[in-house]
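J.: Structure incoming, see below.
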Amino acid sequence: MHMKKATLILALMLTSNLILAQEEGTKTPPATTFAGSADAYYKYDFANDFSNNKTSFTNSSNSVEEDTLIAGKGYNKIVYGAPGAGKSASVSEIVGENYIRTVFHPETQYSDFIGCLKPHKDSTGSITYSFRKGPFIQILEKALLDQENHHFLVIEELNRANTAAVFGEIFQLLDRDDKGKSEYPILIQDEDLYDALKETLDSEHDFIVKRQLIIPSNLSIIATMNSSDQAVFPLDTAFKRRWIFEYLPIDFTNCATGEVPIHHADLPHVEWKTLAQTINTVLVQLKVVEDKLIGPWFIKDSDLVEDQAEQTFIGKICSYLWDDALKYKNKDEIFKSDIHGYGELYQRYSDKKPIFSDKFMKMLQAAQDVDTDTSDKTEAE
């Protein structure tokens, strides 16, 4: 009897679980959200998740809405994308006139970014020491002394330096409260920095009275980076989650204009836009990561003037493709297969000989024909 009851109960449980599983299977899958990491964005397999059309990229659980940024609250933002996508130009449109711009590189140190004691020789030849303020302290003072306006610290090439070492304890200040200022102040332990701030700020200022350092709500930090560049420092998770990530897509609506000499009998010159977009088409087919594609401002208008165009093409575009985007394989998808080194590529181009593969030339010619037809129709209208 007990055996029959146990069997009946087990059967009911299995039936219930099966019904629940079927109901779960009919539910719409939730949106996919990424938390703060550009790396996660790139490594995610979008191909398997386009069906629900709900994939989104947010910055963290404390994501800052666009209307919050417009309202003037302080924030930390990283703008990233392909080389030449126009990251620096887009940042310049945001910051206006109240900014300080600095560029990180592998040798950038905490003392460069914050400041340090430096020797100086006066008119008598005597050596004196004074605190030389780095870009962070310079813009911090400007923001504190001009609280009616919003100020910006622009950091170009953020991940070319060891950010953990460069920011030091300032890293703690990147956490902001609802008003956009640092949530957790830090103690000013450097006596020279403290003395330098006392020379600039009012003696009754909180920085001086409490001897605490914060980032005020009228100071934002905007950084740029190419996350797939060679020889860069990775950003750790704790650092990344304190930033808003904004991806700048490749858009050739606005780009450099001019022709690139490619020394091919049937197509001696090609428009920069056509060439760049055709190269990107091949790179996408080869599954090259998106921020290794070529952006519209990879070169400038001045690079395409008659006496500069050839050197720009071979020294900038071809060298990037050979040594970076196609560094390890698939060079013959764009260049001729009998070219085995960049030196040989350079020499062949210098001798006015074609360097592109037949397959790539067919794609390029077709793209040029389409662009020419489109241009003719536009002019006719």
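The values are calculated or read from the model by the stated rules, or taken from the named source; none is laboratory data. Keep in mind that this is a model prediction, so the values were computed, not measured. Glycine gets a Cβ as well: all are built from the backbone with ideal geometry, and neighbour counts include every protein chain shown.
J.: Yes or no: region 227-250 includes at least one residue that is more than 24 Å from residue 150 (Cα to Cα), polar (S, T, N, Q) and surrounded by 20 or more Cβ atoms within 10 Å (Cβ to Cβ).
T.: yes
J.: Moving to a separate point now. Identify, please: which residue in region 248-271 is touching a residue at least 24 places away in the same chain (Cβ under 8 Å) and under 18 Å from residue 307 (Cβ atoms) and is, among those, farthest from the chain's Cα centre (by Cα)?
T.: Among those residues, the one meeting the criterion is 263.
J.: Pick out the one residue from 132, 160 that is assigned by TED's automatic domain parsing to the domain that holds residue 227, under 22 Å from residue 106 (Cα atoms), among the basic types (Lys, Arg) and surrounded by fewer than 18 Cβ atoms within 10 Å (Cβ to Cβ).
T.: That would be 132, the only listed residue that is assigned by TED's automatic domain parsing to the domain that holds residue 227, under 22 Å from residue 106 (Cα atoms), among the basic types (Lys, Arg) and surrounded by fewer than 18 Cβ atoms within 10 Å (Cβ to Cβ).
J.: Separate question: Filter region 76-96 for residues that are part of a loop (DSSP other than H, G, I, E, B) and buried (at least 18 other Cβ atoms within 10 Å of the Cβ); which is nearest to the chain's Cα centre (by Cα)?
T.: This residue is 81.
J.: Give the residue that is farthest from the chain's Cα centre (by Cα), with candidates limited to residues of region 126-166 that are modelled with pLDDT under 95 and of a type in the set (Phe, Trp, Tyr).
T.: 129
J.: Considering only residues that are crowded, with 18+ Cβ neighbours inside 10 Å and either under 31 Å from the mean Cα position of the chain (by Cα) or small (Gly, Ala, Ser) (or both), which ones fall in region 182-209?
T.: Result: 182, 196.
J.: Which is in contact (Cβ under 8 Å) with a residue 24 or more places away in the chain, of a type in the set (Lys, Arg), surrounded by fewer than 16 Cβ atoms within 10 Å (Cβ to Cβ) and out of contact with any helix residue (DSSP H, G or I) (no Cβ under 6 Å at 6 or more places or on another chain), of 142, 121, 179?
T.: 179
J.: For residue 322, all conditions in the list (1) buried (at least 16 other Cβ atoms within 10 Å of the Cβ); (2) touching a residue at least 40 places away in the same chain (Cβ under 8 Å); (3) in a helix (DSSP H, G or I); (4) under 24 Å from the mean Cα position of the chain (by Cα) hold save one; what is the number of the exception?
T.: Of (1) buried (at least 16 other Cβ atoms within 10 Å of the Cβ); (2) touching a residue at least 40 places away in the same chain (Cβ under 8 Å); (3) in a helix (DSSP H, G or I); (4) under 24 Å from the mean Cα position of the chain (by Cα), only one is false for residue 322: (2).
J.: Select, from 250, 221, the only residue that is under 28 Å from residue 97 (Cα atoms) and assigned to a strand (DSSP E or B).
T.: None of the others qualify; the one that does is 221.
J.: Using the structure shown, decide if residue 169 is at pLDDT below 95 and over 29 Å from residue 241 (Cα atoms).
T.: no
Let's see how each residue does on (1) modelled with pLDDT of 95 or more; (2) not in a loop (DSSP other than H, G, I, E, B):
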| position | (1), (2) |
| --- | --- |
| 332 | yes, yes |
| 338 | yes, no |
| 343 | yes, yes |
| 348 | yes, yes |
| 360 | yes, yes |
| 368 | no, yes |
| 371 | no, yes |
| 374 | no, yes |
| 377 | no, yes |
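J.: Within region 218-225, can one find any residue that is farther than 26 Å from residue 106 by Cβ and either buried (at least 16 other Cβ atoms within 10 Å of the Cβ) or not β-branched (Val, Ile, Thr) (or both)?
T.: Yes: region 218-225 contains one or more residues that are farther than 26 Å from residue 106 by Cβ and either buried (at least 16 other Cβ atoms within 10 Å of the Cβ) or not β-branched (Val, Ile, Thr) (or both).
J.: Of all the residues that make up region 237-247, how many are assigned to a strand (DSSP E or B) and among the hydrophobic types (A, V, I, L, M, F, W, C)?
T.: 2
J.: Pick from region 281-303 the residues that are touching an Asp or Glu at 6+ places or on another chain (Cβ under 7 Å) and of a type in the set (A, V, I, L, M): which of them is surrounded by the most Cβ atoms within 10 Å (Cβ to Cβ)?
T.: Among them, the one singled out is 282.
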